[in-house]
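Here's the structure we're looking at; comments come further down.
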Amino acid sequence: GGTVLFLSSTVSVLGGLVFGYELGIISGALLQLQKEFHLSCFQQEAAVSALLFGALSASLIGGVLIDSYDRRNSILFSNLLVLGGSLTLVFSGSLVSLVVGRITVGFAMSISSMSCCIFVSEMVNSQRRGMLVSLYEAGVTVGILTAYSLNYVFADTKGGWKYMFGLAIVPSLIQFICILFLPPSSVTPKSVKVDEPAHSGLMQLTNVEESEDPVTLVDTGEQYSFLDLFQTKDNMRTRTLIGLGLVLFQQFTGQPNVLFYASTIFHSVGFQSTASAVLASVGLGIVKVVATLVAMSCADRVGRRALLIGGCIVMSVSVTTIGLLSQHALLHVKKTCDTADHFKSNLSSKTSLSDPTSLNSSFYPTVNLSINSFKWVSSDGSQPHAMSPVALLEAQVEPVTPKLGIAGAHGVLNWITLLSMMAFVSAYSVGFGPMTWLVLSEIFPAGLRGRAFAFTNCFNWAANLIVTLTFLDVIDTLSLSWTFLLYGAIAVAAVVFIYLLLPETKGKSLEEIDKELSGRR
């Protein structure tokens, strides 16, 4: 029994690890690619957003794949794609092969993210489901952190980008091997013999208290078509609404953009430019990993609903505090794209690598859409530092920070801002980060689970794009302070939404959740 549990955990963690790694690694690789291939601004954007394009297209067609060809096969397929895509990247000699490689890897990541969560949620019993699905999320945060560390390690290595892209092959291969030893998940009941004692208590099919009626499982594929997601039958419309609400609130509470501002906040408290950049990426990365591990251990005890509501309340309070205290921060926005000049500033390439923005999400970190350098200029005219790439198209930000708070208060307000930001990041990583994906893998009936997950996933990527691309314009219109206050208000709305609509799913089998949500108690 322990073997299945161990292998399922490994599959979950490694799936997340590859995902986070691929998102974080591009910021380091691009610095080198830009020099080696002499990429223009637009070409760099193409190399970065190719990943997003791949991920979005996978969300559009991946659901059908996961529902028709089993979760296990989908994961194996994604491993092969990561392998192919990574090799294409390692041996690429042109922009075209870079873009093709990134699209392939993006497609694979997206398929893997959906099928891992669903596969694991169906493999393990209800007492452990929350922990093991959240493990995926923990993998993502560790993956991003690993990518940052390796960006530093290979920063000055000739051809270091080849190692950066190539190393993704390792976790992918291990995952491939692990999954070969696992039986297919419970949606294909015919292939699992119910009398195997080895899996007792782990496979939902073999656990007596949670025995699922195999007939409904086999029929579910036929029972539901994609359009049923929008019908009132079995309360499907409400379930789709819950799923969409969660992914949209997850993005529109502004997490990517609060992180985008992280480096300035560290700087305002008195850290030097380079230290601020490192703390904003690595420091907050560690905070996220720890918070996600906390969520993992609490998911099955405290419950999904409680963690989401608690997380949203903390996010709302902390982002509102940042908003109120950052009224003095001025942002000057210049739409430019002159990457190369900034790299020639008197900073080593290592400094430019610490890019806080790419740490910006827990589950689906924002894909950095362009590689425009990014400078914070402090009011005392101290040395600006370049950071790249930033998740903004054609934008370079030069916020002038007259010490975020009031100088007289001896930086107390700046420290409060810093603590609020830590609280915000932690709350996100405890609530929205892991719980959204856990709930999505639980609330839909088995035969439609892949397509429903993929459909909501599309909206997640789209919302993520909108949030990051409009950030500068929103700040321009509203001011930074009001933007953060707006995020606070959205978080309050999220609390109300979750409180009213989301039932608690901890400790219930997937069948029980389905019965409860469809109103057939």
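The values are calculated or read from the model by the stated rules, or taken from the named source; none is laboratory data. The structure presented is a predicted model; accordingly, all values stated were derived computationally and were not measured. Cβ atoms come from the backbone with ideal geometry, glycine included; neighbour counts cover every protein chain shown. Ligands, DNA and RNA are stripped out before the accessible areas are found, and what is left, the full protein with its side chains, is counted by its heavy atoms. Shrake-Rupley method; radii C 1.70, N 1.55, O 1.52, S 1.80 Å.
Points to keep in mind about this one:
- FRET E, pair Val64, Phe230, Förster distance 25 Å, beta-carbon r, rounded to 0.05: 0.90
- Extension gain, Val492 back to Ser97 (0.36 nm per residue minus Cα-Cα distance, nm): 137.7 nm
- Accessible area expressed per residue, region 50-168, with surrounding protein chains retained (probe 1.4 Å, Å²): 31
- When you count the other C-beta atoms within 10 angstrom of each residue and take the mean per peptide, 307-315, 487-495 line up highest first as 307-315, 487-495.
- Legend: residue pairs Lys158/Lys288; Lys288/Lys515; Lys233/Lys506, Cα-Cα distance threshold 27 Å; pairs beyond threshold, Lys158/Lys288; Lys288/Lys515.
- Plainly put, region 1-153 has a radius of gyration that is 1.02 times its Kirkwood radius, both from alpha-carbon atoms, as the Rg/Rh ratio.
- Spin-label model, Lys515 to Ile313: label points 7 Å out along the Cα-to-beta-carbon direction sit 3.2 nm apart.
- Each of the peptides 109-120, 147-158, 287-298 was scored by the mean count of other Cβ atoms within 10 Å over its residues; in descending order, highest first, they stand as 109-120, 287-298, 147-158.
- Against the criterion of solvent-accessible heavy-atom surface with a 1.4 angstrom probe, Trp161, Trp415 sort, most first, into Trp415, Trp161.
- A straight chain from Ile286 to Val474 at 0.36 nm per residue would run longer than the Cα-Cα distance by 64.8 nm.
- Rg then Dmax, both in Å and based on the Cα atoms of region 223-262: 15.1, 48.
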